[in-house]
1. Of 577, 584, which residue is at pLDDT below 85 and not in a helix (DSSP H, G or I)?
2. Go through (1) buried (at least 17 other Cβ atoms within 10 Å of the Cβ); (2) at pLDDT below 90; (3) in a loop (DSSP other than H, G, I, E, B); (4) not acidic (Asp, Glu) for residue 600 and report which single condition fails.
3. Of all the residues that make up segment 603-622, how many are surrounded by fewer than 23 Cβ atoms within 10 Å (Cβ to Cβ), touching a residue at least 40 places away in the same chain (Cβ under 8 Å) and under 45 Å from the mean Cα position of the chain (by Cα)?
4. Being of a type in the set (Gly, Ala, Ser) and in contact (Cβ under 8 Å) with a residue 60 or more places away in the chain is the filter here, so list the residues in segment 251-276 that pass it.
5. Could you please find all residues in segment 437-448 being out of contact with any strand residue (DSSP E or B) (no Cβ under 6 Å at 6 or more places or on another chain) and either crowded, with 23+ Cβ neighbours inside 10 Å or part of a strand (DSSP E or B) (or both)?
6. For residues in segment 304-349 being among the small types (Gly, Ala, Ser) and either crowded, with 16+ Cβ neighbours inside 10 Å or touching a residue at least 24 places away in the same chain (Cβ under 8 Å) (or both), which is nearest to residue 262 (Cα to Cα)?
7. Find the residue count for segment 423-437, including only residues that are among the basic types (Lys, Arg) and modelled with pLDDT under 80.
8. Somewhere in segment 277-293, is a residue within 20 Å of residue 356 (Cβ to Cβ), touching a residue at least 12 places away in the same chain (Cβ under 8 Å) and among the acidic types (Asp, Glu)?
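The values are calculated or read from the model by the stated rules, or taken from the named source; none is laboratory data. Small disclaimer: the values here were computed from a predicted structure and weren't measured. Counting neighbours? That spans all protein chains shown, and the Cβs are built from the backbone with ideal geometry, glycine included.
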Amino acid sequence: MEITQNYARPSTATLRDDGLGFEMSTESSRPPVALQAVVRHSLSYARVMLSLYEVVSSNFKFERKDTNAYQAWVQERYLEELKASMGERMRGLPEKQKELESVRASLKPLHKERQHFHQILHSNDLWTAKSRYWKWLYDKNKALWIILDPVVSVHPDGVIFEVFSRDESSYGRVTVPTENLQTLGETIFGTTNVDYSKRLADEMRRVRDYRPAFLGVGGAGVSISTSAGNQFEKKIDLPPSWVRGFLQVQSASSLPGTHLTLSSGTVAEILFALREKREAGGPRSLRFQLTNGQKPTIVVEPWNIEVREHEYSYAGETQEIRVWGRRRLFALENLLPHAPRVEVKLLGSGMPSYWSVEQQGHRFDLGLSGWTENDWSAAARFDLLSSLKSVSQGDVSVAVSQLERHLALSSEELAARSDLSREAATSALQQLCREGRAMFDMATNRYRWRKLLPFAAPQGEDDKKLASARRLVQDGAVKCRDVSRDSDLSEFLARFVEKGLRLFQAKVKTSGGSFEPIVGLDADGRAAFAQCTCGEFRQNKLRKGPCAHILAASVIAATASATNVSNDRFKDQTWVFTGALTLFTREQAEAVIEKGGGLAAGSVSKKTDFLVAGERAGSKLEKARSLGVPVLTESEFKAILDGAAVPATAREGGAA
């Protein structure tokens with residue numbers, strides 16, 4: 001998808017009598033956004049903006065990556081968690097291994113031929129030529145050198161700059177709070193792209209606290225209509241993954257994780273070890289050894305250099321977490337001497353991590369994907385865990401109206417300002433993120449109005465795992481029940497209930513066997529915890545997003561969670577569903593009955609209390625009428641869930 005970005009002029013830096021002025025030219029096809037302000041603590045502002053430039057201009061995919069050690073570690077964890085029943089299958093592996101070796105032997109001649117071309121492809125001459133090419137491209141065509149300009153959002157509580165690295169594995173964000181801005185003249189709130197060139201970054205290095213910095217976004221006499229002669233444009237081949245990358249960053253940041261604080265000296269020591277040494281082989285990870293009540297230890301592999309935190313203790317579950325792609329942390333290097341600490345959020349081994357540094361109110365956030373090659377847009381689908389319910393266009397319109405007016409809202413605030421439930425509000429806001437019209441701010445836990453593009457972002461095809469999950473639900477292969485109050489709940493799962501999650505256990509029948517996913521939903525209806533007994537989950541956990549079984553269970557669980565039904569609403573009642581249902585799937589309806597303490601049966605008998613008949617109901621409806629079983633339409637069943645009484649016609653068995 002090609003877009004054209006028009007600017008009245010390049011962004012500039014000018015030395016004024018009263019300080020250094022930065023005019024960031026805005027993209028002219030968007031609604032106007034304007035800000036003129038004096039930046040307090042200018043030097044800290046310049047430092048975080050330079051770190052932002054380090055992110056937007058970085059591309060670590062040029063370096064050859066060795067994931068063999070990581071894959072070996074994953075395989076070890078996989079084997080450790082195999083059930084005893086799988087042992088017999090594992091014992092048959094040696095024979096299969098012999099067959100594999102035979103195939104490999106037949107491929108050896110081709111490997112030798114491939115090795116010749118591989119050496120050419122990875123020679124030093126090629127890397128030198130690439131370096132010369134990128135330098136030439138910057139000098140000749142800067143628009144192609146940097147794929148996308150930063151996105152800036154001017155809001156009442158601050159200004160936010162967002163960027164992706166060129167390899168899309170690192171996300172950087174700078175937040176300049178209103179307290180650090182002395183605004184001059186009229187401010188127009190909104191979102192746009194700004195031109196952030198290397199020349200402007202070089203000027204940032206001249207900023208000093210004794211020389212005030214003036215920030216100008218748009219406005220400031222920049223008139224598109226009268227400056228046509230100075231206007232320039234950038235034609236950008238916008239990758240479809242760009243909007244998806246923003247969505248994954250925000251969705252992952254809303255998931256629960258492990259929080260810890262590291263002193264800046266500890267992070268600097270880690271970076272020093274990485275700068276002094278070069279890995280000849282794997283594993284290339286940072287291993288966090290976390291013990292509740294003690295100071296963390298970070299092991300830099302493969303040299304096993306132990307870096308001990310000397311100031312901040314860790315409070316949380318004792319565990320060990322490994323993070324890959326650690327050289328991307330060099331974006332923090334110039335901030336560390338001037339910041340007391342670094343706040344870290346780890347989602348798990350091989351999962352994304354977030355690193356935050358604050359200097360005199362100016363905040364820099366760095367979001368890293370699980371590892372460099374696994375960029376934010378390519379593999380994991382964290383948004384599938386953040387938005388489980390289907391959302392109507394009407395709900396989205398309500399969210400647009402409120403968010404565009406207030407610019408920043410939490411799910412609770414949107415629900416309070418509208419007739420949406422908290423779960424529906426979350427789904428609508430997450431849909432706006434998917435369309436590139438909103439962002440989730442992990443610093444404030446609120447959604448912000450932020451249009452990535454002047455037009456609605458194109459929606460790609462459904463994720464294959466999501467399509468598979470839908471088929472499982474439609475085929476009636478998913479049974480789900482609320483286990484939050486089960487007395488025999490394990491100590492591990494009970495911890496999530498204590499944290500306020502509602503746990504649902506499902507049984508999913510597939511052609512490959514039966515699997516039992518467990519999903520924990522928070523107050524917003526988002527999956528804050530998930531696990532499954534399938535091989536995909538055992539090997540990857542959530543590093544590549546949820547498996548189809550978890551997604552299928554989550555959809556059923558989200559519907560059951562959203563209905564206002566007490567645990568004894570259908571106590572001692574037996575319900576049967578038949579025909580084609582349109583408001584619910586049969587599994588969702590049965591989950592609601594079981595949530596209310598009732599029994600969802602598959603056939604009609606004298607013990608049946610109610611039959612819900614959809615379109616094209618057949619023999620079950622005839623049998624219910626012959627036995628005098630009350631019959632409800634799907635709409636009547638929905639009304640009962642909303643608090644209505646059972647209609648008289650249903651009691652007589654004549655409805656539907």
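1. Going through 577, 584 in turn, just one is at pLDDT below 85 and not in a helix (DSSP H, G or I): 584.
2. Against the list (1) buried (at least 17 other Cβ atoms within 10 Å of the Cβ); (2) at pLDDT below 90; (3) in a loop (DSSP other than H, G, I, E, B); (4) not acidic (Asp, Glu), residue 600 comes up short only on (3).
3. So the answer is 2.
4. Hits for segment 251-276 are 251, 252, 253, 254, 257, 263, 264, 265, 268.
5. 437
6. 339
7. Residues flagged as among the basic types (Lys, Arg) and modelled with pLDDT under 80 within segment 423-437 amount to 1.
8. The answer is no; no qualifying residue exists.
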